[in-house]
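This report concerns only the one structure given below.
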Amino acid sequence: MSKSTVESREVKFPPGEALRFSIESIKRRFVRALITAVSIILGIAFYVGLRTMSDIMLSIYGTSEAAKSYQLWMAMISLIVCAVGILNSMLMAVTERTKEIGTMKCLGAMDGHILMIFMFEAILVGVIGGLIGAVVGWLAGLLIYIGEYMNVIFSSALLTSYAMRMGEGILIAMILSVGATIYPAYHAASMDPADALRFEI
């Protein structure tokens, strides 16, 4: 069989089609996607909330080595909590769909096509969950200080800091979602279709 014949038989799957497939997949598994998104929302809300409160405290009480150390430790703890929640949820979401991956491969999907679908899903869920979580965390951080320190928490310097923290939260959510999806999706995509169809959790 010539190389041109093999290439002509290869299934074409443009990124736009993969994105559409990913959106449809999220709609079909809305409850599972919602559980994953909630995990991301809580993790990012925790991170952004702690970072927001830390920035407000530094603005109120001034900068010191102790305050910087506190902020660093709080950021590390919140990142660990955030990472564990997101990684666990994304790993389970991909593992539970191993049989579906086997079905797609039987229908002609290539390893790269399957990875593309899961990457788009991870990015979509990560961005949506990260955005909601960042807003929730920011609001929670503000509510603690909004009564007594109203004039401080809406200063121009802190508004810039809030935007940075929210941007960090969304970026972290997207990176962790994609990072948590790469290995299990690649592992499942590289399985023999028959083995994937027989897979049990």
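The values are calculated or read from the model by the stated rules, or taken from the named source; none is laboratory data. Fair warning: this is a prediction, and the values are worked out from it, not measured in the lab. Note that each Cβ is placed from the backbone with ideal geometry, even for glycine, and that neighbours are counted across all protein chains shown.
Of the residues making up segment 147-175, those that are of a type in the set (D, E, K, R) and closer than 25 Å to residue 76 by Cβ number 2.
Evaluate the following for residue 121: is it of a type in the set (D, E, K, R), in contact (Cβ under 8 Å) with a residue 40 or more places away in the chain and either touching a helix residue (DSSP H, G or I) at 6+ places or on another chain (Cβ under 6 Å) or more than 16 Å from residue 35 (Cα to Cα) (or both)?
yes
Of the residues that sit in segment 139-157 and are under 30 Å from residue 36 (Cβ atoms) and small (Gly, Ala, Ser), which one is surrounded by the fewest Cβ atoms within 10 Å (Cβ to Cβ)? Applying the filter and picking the extreme gives 140. Can you find a residue that is in contact (Cβ under 8 Å) with a residue 60 or more places away in the chain and either buried (at least 22 other Cβ atoms within 10 Å of the Cβ) or under 12 Å from the mean Cα position of the chain (by Cα) (or both) anywhere in segment 106-114? Yes, because at least one residue in segment 106-114 is in contact (Cβ under 8 Å) with a residue 60 or more places away in the chain and either buried (at least 22 other Cβ atoms within 10 Å of the Cβ) or under 12 Å from the mean Cα position of the chain (by Cα) (or both). Note on segment 91-111: residues that are assigned to a helix (DSSP H, G or I) and farther than 13 Å from residue 188 by Cβ total 1. Per the conditions (1) surrounded by 15 or more Cβ atoms within 10 Å (Cβ to Cβ); (2) of a type outside the set (Ser, Thr, Tyr); (3) in contact (Cβ under 8 Å) with a residue 24 or more places away in the chain, the sole criterion not satisfied by residue 100 is (3). In this structure, does residue 136 turn out to be more than 18 Å from residue 74 (Cβ to Cβ) and either free of Cβ contacts under 8 Å to residues at least 60 places away in the same chain or surrounded by fewer than 21 Cβ atoms within 10 Å (Cβ to Cβ) (or both)? So residue 136 does not fit the description; no. With the condition kept exactly as written, say whether any residue in segment 68-77 is at pLDDT below 80, surrounded by fewer than 15 Cβ atoms within 10 Å (Cβ to Cβ) and basic (Lys, Arg). Yes: one or more hits.
Hey, any hits in segment 191-200 for a residue that's part of a helix (DSSP H, G or I) and under 22 Å from residue 127 (Cα atoms)? Within segment 191-200, none of the residues are part of a helix (DSSP H, G or I) and under 22 Å from residue 127 (Cα atoms). Does residue 69 satisfy the condition of being closer than 22 Å to residue 145 by Cα and out of contact with any His (no Cβ under 8 Å at 6 or more places or on another chain)? Here the answer is yes, as residue 69 does meet what is asked. Taking the criterion of being in contact with a helix residue (DSSP H, G or I) (Cβ under 6 Å, 6 or more places away or on another chain) and either among the small types (Gly, Ala, Ser) or surrounded by fewer than 15 Cβ atoms within 10 Å (Cβ to Cβ) (or both), the only residue of segment 191-200 that qualifies is 196.
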